[in-house]
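Laboratory data are not the source of any read-out in this text; all were calculated from the coordinates shown. Since we're looking at a predicted model, the values are computed, not measured. All Cβ positions, glycine included, derive from the backbone under ideal geometry; neighbour counts span all protein chains shown.
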Amino acid sequence: MEAGFVGILTADLHLPDAQSLKQKRREVLRVRQGLARALGASVAEVDYHDLWQRCRISLAVVTRDAGDAAAQLERASRRLATDPEWQMVSEEREILNIDDGRG
C-alpha cells in the first residue's frame, strides 16, 4: 500500500509595480493565502526577501496518487501565471513518492 505523494512547485515571480518591500510583502501574503485556501497547500517565500520586485515561493501538496499531485501543481501554476500583479519568470515541479523514503 502506497503512503502517498508530495508535489512541490517552486516559482520565481516578478512584481513589476512594487514600490516597496511593504507592498511586495502584502502581495506575497495574498498569494500565499490564496494558494493555501484554494489547494490546501503549504506555501512559503523562500528567496529574494530583500528585493522589492522579486519573489521565489515554494508550495507543497500531499495527495494519494501522483496524478492528483500533478493536477494540484498545474492548478497552482495556472493561478500564479494568471495573477495580474505578478509575472512568472520560471518554475520547477517535482513529485516525490513518500514510500521512496522508507527503509
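Within region 59-78, the residues that satisfy the criterion of being within 20 Å of residue 100 (Cβ to Cβ), out of contact with any Leu (no Cβ under 8 Å at 6 or more places or on another chain), in a helix (DSSP H, G or I) and not charged (D, E, K, R) are 66, 67, 69, 70. Return yes or no: is residue 79 within 20 Å of residue 17 (Cβ to Cβ) and touching a Ser or Thr at 6+ places or on another chain (Cβ under 7 Å)? In short, no. Every condition in (1) in a strand (DSSP E or B); (2) in contact with a helix residue (DSSP H, G or I) (Cβ under 7 Å, 6 or more places away or on another chain); (3) aliphatic (A, V, I, L, M); (4) over 30 Å from residue 3 (Cα atoms) is met by residue 18 except one, and the failing one is (1). Taking the criterion of being within 15 Å of residue 75 (Cα to Cα) and among the aliphatic types (A, V, I, L, M), the residues of region 7-56 that qualify are 8, 9, 11, 31, 35, 36, 38, 39, 41, 43. Here residue 12 fulfils each of the conditions (1) part of a strand (DSSP E or B); (2) surrounded by 17 or more Cβ atoms within 10 Å (Cβ to Cβ); (3) of a type in the set (D, E, K, R) apart from (2).
Residues checked against (1) under 11 Å from residue 11 (Cβ atoms); (2) free of Cβ contacts under 8 Å to residues at least 12 places away in the same chain; (3) within 12 Å of the chain's Cα centre (by Cα):
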residue	(1), (2), (3)
49	no, yes, no
61	no, no, yes
73	yes, no, yes
84	no, yes, no
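Take the conditions (1) exposed (fewer than 14 other Cβ atoms within 10 Å of the Cβ); (2) in a loop (DSSP other than H, G, I, E, B); (3) among the charged types (D, E, K, R); residue 94 misses just one of them, which is (2). Does residue 27 satisfy the criteria of being over 21 Å from residue 4 (Cα atoms), among the acidic types (Asp, Glu) and part of a helix (DSSP H, G or I)? Here the answer is yes, as residue 27 does meet what is asked.
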